[in-house]
Amino acid sequence: MKPQIAGTTMPVLEVTLDAGERIIAEGGDVAWLTPGFDIETSTGFGSGGKGGFLSGLKRMVGGGQLFLSQYTASAPGSMVAFAAQLPGTIRELTIDPSDEFMVQSGSYMASTPEVEVSVGLQKKLGAGIFGGAGVVFQKLAGNGTAWVQLAGEIVEYELPAGGSLLVHPGHLALYRAEMQLEFATIKGVKNKFFGDSLFLAQVHGPGHVWLQSMTPAKLAAAIEPYLPDKSSSTSN
């Protein structure tokens, strides 16, 4: 298996496989592929080999799809590509029992069959913020390789033991699963969600964190003024 990340602002993950090699991804995320792939869809894919409908439900709670697709190459040199959905970057992660990760919901892109994708953390933040959905992180565990798409520019920090960082939840893209994460209300900062308090995530070291400069919510807010007004168009 030979992965290649091509492009800059809107990157593409291209994976070239030998005959019999497999890669897992969410159903509608494929961008292009060479002919001859054997494609199957099941709730058991993305379970790290554990299988079962329950694995699919756990993944769906984490913001992923109930069904994932498996692409099996029928000939050497078969290629399948997945395109990023937001401007940003694609990162490759090596997964094993000592290297498990928490990634923001919607960031999972693809993985090898032995990687398990499930819900890792779910926090309700109150009505209004993030569309009332709160913060959800998917956990990547098992053994193999996973690819995630992160929005905007990425800034990384290695936190020492006893160190911590306060982060707006939308900017916390990825962190190591063994790190402790808490949520705190910070007084003194005016914001449109909580009046004179700011709601932040506090991630504790030791461990590595990846922060993204763009959030899907801020991108949607920036685009919204330029979208057609559905209410006015339906009334005419």
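Given 0.36 nm per residue, what is the gain on full extension from SER213 to VAL155 after removing their alpha carbon distance, in nm?
20.1 nm
Provide TYR71, TYR157 ordered by accessible surface of protein heavy atoms (probe 1.4 Å), highest first.
The residues order as TYR157, TYR71, largest area first.
What's the ranking of 204-212, 8-16 by average number of surrounding C-beta atoms within 10 Å, highest first?
The peptides rank, most packed first, as 204-212, 8-16.
Can you check what the net charge comes to around PRO76, using other residues whose Cβ is under 10 Å from the Cβ of PRO76 (Lys, Arg +1; Asp, Glu -1)?
Within the 10 Å Cβ shell, the charges total -2.
Where a Cα-Cα gap under 14 Å defines reach, which aspartates and glutamates qualify for LYS139, not counting those fewer than 8 residues away within the same chain?
In chain and number order, the partners are ASP96, ASP99, GLU100, GLU114, GLU116, GLU178.
Using a cut-off of 15 Å between beta-carbons, work out the net charge of the residues near ASP38 (Lys and Arg +1, Asp and Glu -1, ASP38 not included).
Once all neighbours under 15 Å are counted, the net charge is -2.
The values are calculated or read from the model by the stated rules, or taken from the named source; none is laboratory data. From a predicted model like this one, the values you see are computed outputs, not experimental measurements. Cβ atoms come from the backbone with ideal geometry, glycine included; neighbour counts cover every protein chain shown. Ligands, DNA and RNA are excluded from the accessible area calculation, which covers all protein heavy atoms including side chains. Shrake-Rupley method; radii C 1.70, N 1.55, O 1.52, S 1.80 Å.
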